[in-house]
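The values are calculated or read from the model by the stated rules, or taken from the named source; none is laboratory data. Everything numeric here is computed off the predicted structure, so don't read it as measured data. Cβ placement follows ideal geometry from the backbone for every residue including glycine, while neighbour counts extend to all protein chains displayed. Side chains are part of the model used for accessible areas, which takes the heavy atoms of the whole protein and leaves out ligands, DNA and RNA. Shrake-Rupley method; radii C 1.70, N 1.55, O 1.52, S 1.80 Å.
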Amino acid sequence: MWPTRPGETVGGLRAFVLVALGTALMALSAKVNLPLPYVPMTLQSLVVLMIGAAYGWRLGSATMIAYLAEGAMGLPVFAGPVGGLAPLVGPTAGYLFGFVAAAFVTGWLAERGWDRSVGLLFVAMAVGHVVIFVGGFGWLAFGLGTAKAWQVGVAPFIAASLIKNALGATLMPAARRIIDRR
């Protein structure tokens, strides 16, 4: 799918294009949202985990850092027509920063073969979701208390996360088979 010629320029160009594609997918996934109090339900976590699994821990984490930087610079890449620093210090901050750690963990597991079977990839993505939830819950608990943080920041998202894990774990091997045929 991507030309593999030796040389640092090709590697740098490849990384730049993949990061740009990843941040664009993140911005699009943020716009598909169900507004809930405090934290909207989006497709972002699915895209984060798929990027981690597809890109590996280094490029996956770099993509999430680039995504946060784009938002911090004011680009409207976050849920709703939002950019700037407010989401990075508001109720969603823990989740947004959790994206970096989740891409890291999921990418690290994928590089060790967890992306080669649907079952293992489901578990790797579940671990990634737990990482996102820990970041989001921790941040919300700091401002709202633990009971309220659980009620608005974790409980409504558990079922959707399981569905996203199943979808991602099924799509990744299918995409890999299509790409490998070329």
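Determine the sum of side-chain charges near residue 57: Lys and Arg each +1, Asp and Glu each -1, restricted to other residues whose C-beta is under 11 angstrom from that of residue 57. That sum, taken over residues with Cβ under 11 Å, equals +1. The sum of -39500 (n - 2.57) across all DSSP H runs of n ≥ 4, divided by the residue count of the chain, sets its helix-only mean residue ellipticity at 222 nm to -25000 deg cm²/dmol.
On the protein heavy atoms, probe 1.4 angstrom, tell me the percent of accessible surface of the chain carried by carbon and sulfur.
Details: 6940 of 9400 Å².
So the carbon and sulfur contribution to the accessible surface is 74 percent.
Computed over every Cα-Cα pair of the chain and binned at 5 Å starting from 0, the pair-distance distribution P(r) comes out as 1, 9, 16, 21, 21, 15, 9, 4, 2, 1, 0 percent. Charge tally for residue 117 (other residues, Cβ to Cβ under 14 Å; Lys, Arg +1; Asp, Glu -1): +3.
If you take all other residues with their beta carbon under 13 Å from the beta carbon of residue 44, and give Lys and Arg +1 and Asp and Glu -1, the sum is +2. The angle between the Cα long axis of helix 44-72 and the main principal axis of the chain comes to about 60°, on a 0 to 90 degree scale.
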